[in-house]
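Everything on this sheet refers to the single structure shown next.
What follows draws every value from the coordinates through simple rules; no lab data is involved. Everything numeric here is computed off the predicted structure, so don't read it as measured data. Every residue, glycine among them, receives a Cβ derived from its backbone with ideal geometry; neighbour counts consider all protein chains shown.
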């Protein structure tokens, strides 16, 4: 390109009309400048841009008032961002310093393909994920106080619970501990379930069914605790449960034992970790 003015027509030159046509009356200055490749406006960029492979996009614009960069505004067309960073060392980084990033359409099902392992970058995982269920990876634990075991073939007793757990997929883990202080105890029924309702063993209230239940109906002898002020871990169970909507989660039991020998005590712990 050049900044020199375009050539002008001189009447004193005898031009061959077959090769020259006077169209100055209909050719605008803008058209003339465009045909002659004259640069009429200064660049506004403050840094040097290098386009070794060119730029190909149907739409790219910077909205100054909203600090927005739009690439391909046609929602029906995909925008691919690949090979960010140093491709020779596979050290590829994309920094999105926004508090909220929407990926995909929230009104229709969308897929996100992640082809590399994710690296968790929480500043404080306990503060950001502990004692909540609002994020993937959020978790919470609850423990019961010591209680005398309710000895009944038909009663249902709650040990611990969470209220209004959001819908999602969760890993559960519960642990049952006994403390026996007088003599060994013979248990003939030990059943534990996760239920949506307190003090309840109705089948339609059980969460996860066989995946979360733990049933033992054979006789089992449990010795005196040693020392007698400590608990003996008897059972633990873990797996996954799916909540279709906000739900209460109770850990309930039914236990039958030989009441003539001793009064055993029970304590339980329940943890949920959200994975979906």
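Of note:
- Each residue, residue 224 and residue 198, gets one label point 7 Å from its Cα in the Cβ direction; the gap between the two is 3.6 nm.
- Taking 272, 118 and counting other C-beta atoms within 10 Å, the order from fewest to most: 118, 272
- With both labels modelled 7 Å from their Cα along Cα-to-Cβ, the residue 134 to residue 275 distance reads 2.4 nm.
- For 51, 162, order by how many other beta-carbon atoms lie within 10 Å, fewest first: 51, 162
- Compactness of the range 139-274 - radius of gyration and Dmax, Cα, Å: 14.9, 45
- Förster radius 22 Å - calculated FRET efficiency between residue 210 and residue 233, Cβ distance, rounded to 0.05: 0.45
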